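Accompanying notes for the structure given below.
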Amino acid sequence: MPRIEKPKKNKTPQKLTNLPTPTKSNSKKIKASPTEYYNCLLSYAQQGFYDANEGKKQKIHACCKKCKLQASDLNYQRDSEVAKLITSYKQVGDSLKKLLRPINE
């Protein structure tokens, strides 16, 4: 039987000339921070993984995927709602302060 020799591998690295150039769409992807991702998942867990936009309960995997893509947007909405809640509580406290005066003895 004839002996077939395999070609030896060249140990010198070859220059790669046809590298793709990075596009703008790849460089502008915004990644959510781990804190934003955690807060997003926390809010879904508190709601029982129910998505109000779709009107049904979702699987955990689907919620994780949504949070990975939209965590920064969802957290911005959450922060604005929290700010509205804080201002409304302050307004209630101010109005109660005016209505309930301490009894002077």
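What follows is calculated from the coordinates using simple rules that are stated; it is not laboratory data. Quantities reported herein were computed from a predicted structural model and do not represent experimental measurements. Here the Cβ is made from the backbone with ideal geometry for all residues, glycine too, and neighbour counts use every protein chain on show.
Taking the Cα centre of segment 31-97 as reference, the dipole from Cβ charges on Lys and Arg (+1) and Asp and Glu (-1) amounts to some 200 debye.
Taking every alpha-carbon pair under 8 Å whose residues sit at least 6 apart, segment 31-97 reaches a relative contact order of 37 percent. Electrostatic bookkeeping for Leu41 treats Lys and Arg as +1 and Asp and Glu as -1; over the other residues with beta carbon under 14 Å from its beta carbon, the sum is +3. If the segment from Gln77 to Leu96 were pulled out straight at 0.36 nm per residue, it would be longer than the present Cα-Cα gap by 4.0 nm. Candidates Ser88, Ala52, Ser72 compared by Cα position along the dipole of segment 31-97: farthest toward the positive end lies Ala52, with charges placed on Cβ.
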